[in-house]
Amino acid sequence: MAARLTNYLCRRLCQNCDAEYFLPSHELDAALTKTAIQDALDGKLQCNDEGLERILAQVMNSTGQGYRNIFAILVIIGKVKYIQAFIDANIRDLDLPLDYEDLGGRLNGVRVQHLHTFCVQQWAVIVPVLNFEPENLSATYSHSQRLPFLEKELVGKSGFAVMSKVRIHSSHVRGHGSQDSHFAVKEFSVRSHWQDELNALQRFRTPNLGHEHLIKLLFAFEHEGRGFFLVFPFAEGNLEQYWKSKSPTYEDAYWLIRQCWGLATALGKVHRHDSWHGDDRGRHGDIKPENILWFKESGTHRGHLVIADFGLTRFHSSDTVENTIPGQRGFSYSYRPPEVHFQLKTKSSQKFDIWSLGCLFLEFVSWYLIGYPAIRNIGTFLDRDGKEHQSFINARIEDDDYRPTRISEDKFFNGNNQEMSSIRVKESVIAWLGFLHRLENCSPATHGILRLIENSMLRVEPAERFTMAQVTTNLTEILHKCSDWRYCTLGMPQIGDRDYVYPSVLGGNSSQSHGPPTLIAGRDHEVVQIMMDNSILRKRAMKRKKKACYKRKYLRRKY
């Protein structure tokens, strides 16, 4: 009878993504019934019926004070007769895992080789259940601990960590409302990096202290000798991927404004959070589209956006929050504010986030008005009339003033020394704002966001930038006005007082050639090769026009 139960449990072992076998907890619950245990012990113990009932009750106890897991391990190794020795030695499930060296002579009658086999096979049974309830934040697992991760797919790197999509066995997850068994697991190799992000995230973990637009940490654990891990809900992608995969429509106007408002209120929660001390304040430190996650919602294709990647987030008391040296921060390359780039010893470090959020909002509105290629294509994009224009990123790079080294940079400002008076927002950025205002589908609501960006967020002097509370107040007013659909979606182009013609239509004479191809330091230090010579781009445009002309002539002759 014991052999039958052994075969049953061995057939139900699962293999995790590390090629290690484990017994799922629900299979253990289903297998260890009173009848199955009684049959397995039949003839194995020298005790009367009363003693057998007592042993059955102790094995059936699953609280940790019993012997259920120990019995299962003994079943797998085919030595159920040793259960009496464990009971006599008062070694219970809560004492697992057991170390062979520590047991010594505590287990009478157990042979050394069998004890060694027990210590090896125990890891197949004592597999952790990840409890995502708010009161359970973290755990530490030994190096030999097997995790219930069935599938693991690398999805990218984030700061100092590696991000993976992981499917966790459903019987080893507790306290998670969704039926989805896929989660995002962030793996760190350095404890301090893991601890920094954990310290920031735990402030927003409980429902009353969190925010719907801030990522929620589900669980954290250290796997000794293997790494440090954070577990999150799995998102469909980030904001940059959303822009690339979705074509905007006029129906996205309210959603865009609502999401901008949500991101601003969430970041305001970070800037002045009441989780530990009344004076604690924080900053995110790395606002960019790649750190804004997109989650699906039932009943809508749009979903909602969430701020993630708190690896650079810092919390300080009110007397230190304004006194951080900018150069000590790890801002992403394109969205860094001027004071970070030049490592100026300015204060108001929370204003760093305002600049970065302004850059993100500008690209967000640009996506809504003209689509993804206009903001992220290296080179050009086509407007609704089929005309070819210089993309926003291309214009910023070409407008950069780092000409002595022939290395242009993708940033939103210019300046070549450490004097704040020499720094200015790039003319290409100002011209792009004017171009967006002139678009036929630019509604009063989007005009309002663009004015907020230009007048109160992308300001060179940190003191001139809005606080996050002021940004939120401004967006709240815009959102309330969106109850009128005409304010939210009806296009009303505006002509500003700046006489900019932007972006240039390729084939014209609005731009000058800048010589041979240039290496451009792009987003997050990625170096891309790009042709900046407009004469070459004009030749490409003319070639397309000639091809279209030949096609029209062919169709006329044919019909």
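In Å, the Kirkwood hydrodynamic radius of region 138-244 over pairs of distinct alpha carbons?
Final number for the Kirkwood radius of region 138-244 is 14.7 Å.
Region 146-251: which chymotrypsin sites (Phe, Trp or Tyr not before Pro) are DSSP loop and have at most 15 other beta-carbon atoms within 10 angstrom?
TYR250
For region 8-83, which whole-number percentage of the solvent-accessible area (1.4 Å probe, protein heavy atoms only) is attributable to carbon and sulfur atoms?
It is 42 percent, rounded to a whole number.
Long-range amide H contacts for SER391: which residues qualify at under 5 Å (H placed 1.01 Å from N, peptide plane, sequence gap of 5 or more or a different chain)?
GLY379, THR380, PHE381
With every protein chain left in place, what is the accessible area per residue of region 44-188 in square angstrom, probe 1.4 Å?
Using a 1.4 Å probe on heavy atoms only, each residue of region 44-188 averages 51 Å².
Each residue of region 88-96 in turn: what ³J(HN,Hα) in whole Hz from Karplus with 6.51, -1.76, 1.60 and θ = phi - 60°, glycine and Pro shown as x?
With the stated coefficients, region 88-96 comes to 5, 8, 6, 9, 10, 4, 5, 7, 6 Hz.
Using amide H atoms built in the peptide plane, which far-off residues or other-chain residues are under 5 Å from SER158 H to H?
Answer set, sorted by chain and number: MET163.
What is the local net charge at MET60, summed over the other residues whose Cβ is closer than 9 Å to its Cβ (Lys, Arg +1; Asp, Glu -1)?
Surrounding charge for MET60 is +2.
For each pair in LYS351/LYS426; LYS216/LYS351; LYS152/LYS216; LYS216/LYS481; LYS351/LYS387; LYS216/LYS246, compute the distance between the two Cα atoms and list the pairs where it is over 27 Å.
LYS216/LYS481; LYS351/LYS387, as the Cα separations exceed 27 Å there.
Name the residues whose placed amide hydrogens come within less than 5 Å of the amide hydrogen of LEU214, ignoring near sequence neighbours (fewer than 5 apart) on the same chain.
So LEU214 has HN proximity to ILE307.
Put ARG459, ARG258, ARG111 in order of accessible area, largest first, 1.4 Å probe: what do you get?
Largest accessible area first, the residues go ARG111, ARG459, ARG258.
Once the Cα atoms of region 58-135 are picked out, what are the Rg and Dmax in Å?
Spelled out, the Cα radius of gyration and Dmax of region 58-135 are 12.9, 45 Å.
How large is the direction-averaged shadow of the alpha-carbon convex hull of region 21-172, in nm²?
The orientation-averaged projected area of the Cα hull of region 21-172 comes to 11.2 nm².
The values are calculated or read from the model by the stated rules, or taken from the named source; none is laboratory data. Predicted model only: the values in this text are computed from it and were never measured. Please note: Cβ atoms are built from the backbone with ideal geometry, for glycine as well, and neighbour counts cover all protein chains shown. Heads up: the accessible areas ignore ligands, DNA and RNA and are worked out on the full protein's heavy atoms, side chains in. Shrake-Rupley method; radii C 1.70, N 1.55, O 1.52, S 1.80 Å.
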